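The values are calculated or read from the model by the stated rules, or taken from the named source; none is laboratory data. The shown structure was predicted, so the numbers you read here are calculated from the model rather than taken from an experiment. Methodologically, a virtual Cβ is constructed for each residue, glycine included, from the backbone with ideal geometry; neighbour enumeration extends over all protein chains shown. Side chains are part of the model used for accessible areas, which takes the heavy atoms of the whole protein and leaves out ligands, DNA and RNA. Shrake-Rupley method; radii C 1.70, N 1.55, O 1.52, S 1.80 Å.
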Amino acid sequence: MSTIQIPEDLGIEAAEPLLEQLRGEAKGKKPLKLDGSKVNRLHAASLQVLAALVLQRRGAGLETQIENPSDEFKAAARICGLGGLFGWSSP
């Protein structure tokens, strides 16, 4: 399983570069881990990119995990109603 470190600043200007990075690294059929421990700023556009990746890979039967989410990451996902998608049952 390969691991990708999610950048710490995922403001709106980071959504497209994040999409390009993930598009390249997530093409394989292997399980994928995304490390969210360094995220300290997360705009809804970047969160949408991450959610789309998880959904797309899930639909293809591929495992994708977001591990070690920072408090900021969890709060943004909870506000947008995406905590369950990422597998986080608690806030």
Whichever residue in the range 26-48 is surrounded by fewer than 20 Cβ atoms within 10 Å (Cβ to Cβ) and of a type in the set (A, V, I, L, M) and, among such residues, is modelled with the lowest pLDDT: 26
Residues located in the range 61-91, provided they are open to solvent by 30 Å² or more (accessible area, probe 1.4 Å), without any contact (Cβ under 8 Å) to a residue 24 or more places away in the chain and assigned to a loop (DSSP other than H, G, I, E, B): 61, 81, 84, 87, 88, 89, 90, 91
Single unsatisfied condition, residue 2 versus (1) among the hydroxyl-bearing types (Ser, Thr, Tyr); (2) within 13 Å of the chain's Cα centre (by Cα); (3) farther than 20 Å from residue 83 by Cβ: (2)
Top-ranked residue in the range 1-25 [being in contact with a strand residue (DSSP E or B) (Cβ under 9 Å, 6 or more places away or on another chain) and of a type in the set (Gly, Ala, Ser); ranked as surrounded by the most Cβ atoms within 10 Å (Cβ to Cβ)]: 14
Qualifying residues in the range 57-91 (those that are touching a strand residue (DSSP E or B) at 6+ places or on another chain (Cβ under 9 Å) and charged (D, E, K, R)) - the one nearest to residue 46 (Cα to Cα): 72
